[in-house]
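Right, one structure below, let's go through it.
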Amino acid sequence: MNYYIVDAFTDYVFGGNPAGVCVVDRIIESELMQKIASENNLSETAFVYRCSHGKYDLKWFTPKSEINLCGHATLATAYVISHFVDVGIELMEFNTLSGVLSVENVGDMFIMNFPAIMPKLIEIPKGVEIALGTKCLEAYLDRDLIVVVKDESVVKELRPDYAKIGEITEGLGLIVTSKGIESDFVSRCFYPKLGVNEDPVTGSAHSFLAPLWGRIIGKTKLVGYQLSERGGIIRCELHGDRVYMKGKAVLYLKGELL
């Protein structure tokens, strides 16, 4: 099968978040997809099957398990489709575990139509502040646990204990966020339960962050900046129960899995 590595949410190589994209010509077993993802050892490997022009089946796997929603690997897949599978296509629809996700290619920009999910306010879970080494102001929960901290400098300077994060029962991942200085909000995302200590740029996290910060600051158009070492900007636009996320992508590798 043809295999690509694409850096997503960036316009230069070695920026953003790298995702593996496997283009398959037949449905393959989940066990094999998991083995490939573990071998690749990227935060996500996507597997895409072309059903017809513009319509595709898409699955995402971390090194440890399949996941129900992934932004950067969807962006990477759309890049691969538009450059190598259905060359020049402008609108793509992906059947996924989170329903049908559409991606529009406008010039060098990809616009993803994702669910906007407002997480529920909860008590700050036991062990979170110890794992992060800082005080948390609020906590929210949906697929991931989201905690709000004082300001951008706290997010940037975090030195979390990944083992302790992995022991927190609430949430698949832990997202730490605050109001931004030059962006509307900033974040960092940790997924040790999935074999990913820190994810560089996490599109799926913005399905929660965009509606949360949209409500807090009263905006429908927001810019999120993920403060990982590689870093990345995600431009979000809220439309009811959907959020449009805009980003660019760059090809790093093209090859073949034998």
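Each reported figure results from applying straightforward, stated rules to the coordinates on display, with no laboratory input. Note that the structure is predicted; figures quoted are calculated from it, not measured. Neighbour counts are summed over all protein chains in view; Cβ atoms, including those assigned to glycine, are modelled from backbone coordinates with ideal geometry.
Tabulated data for the structure shown
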read-out	value
Proximal aspartates and glutamates to K221, defined as alpha-carbon separation beneath 16 angstrom and excluding residues fewer than eight positions away on the same chain	E182, D184, E237, D241
Environment charge at R188 (Cβ cut-off 15 Å; Lys +1, Arg +1, Asp -1, Glu -1)	-3
Two-site FRET efficiency, D108 against A163, from Cβ-Cβ distance with R₀ of 35 Å, rounded to 0.05	0.30
Qualifying lysines (Cα of each under 16 Å from Cα of K150; at least 8 residues distant if same chain)	K135, K179
Percent antiparallel among DSSP beta bridges (both partners in the stretch 120-240, rounded to 5)	75 percent
Cross-link reach list, aspartates and glutamates versus K120, counting only Cα pairs under 13 Å and skipping chain neighbours closer than eight places	E138, D142, D144, E170
Whole-number percent relative contact order across the chain, with pairs defined as alpha carbons under 8 Å at least 6 apart	22 percent
Point-to-point label distance, L253-E129, nm (Cα→Cβ direction, 7 Å offset)	4.3 nm
Euclidean distance of C-alpha centroids, the stretch 10-25 and the stretch 56-132, integer Å	13 Å
Sparse-neighbour loop sites [GluC sites (Glu not before Pro); the stretch 95-134; at most 12 other C-beta within 10 Å; DSSP]	E123
Relative contact order for the stretch 163-221, counting Cα pairs under 8 Å that sit 6 or more residues apart, in percent	24 percent
Built amide H within the under 5 Å cut-off of Y252, gap 5+	I5, V6, D7
Sequence ranges 178-187, 28-37, ranked by mean other-Cβ count within 10 angstrom, highest first	178-187, 28-37
Using a Förster distance of 51 Å, the FRET efficiency for E31-I181 (Cβ separation, nearest 0.05)	0.65
Choice from A163, A210, A78 with maximal GNM fluctuation in the chain (Cα, 10 Å cutoff)	A163
Separation of the M1 and K150 label points, Cα + 7 Å toward Cβ, nm	4.8 nm
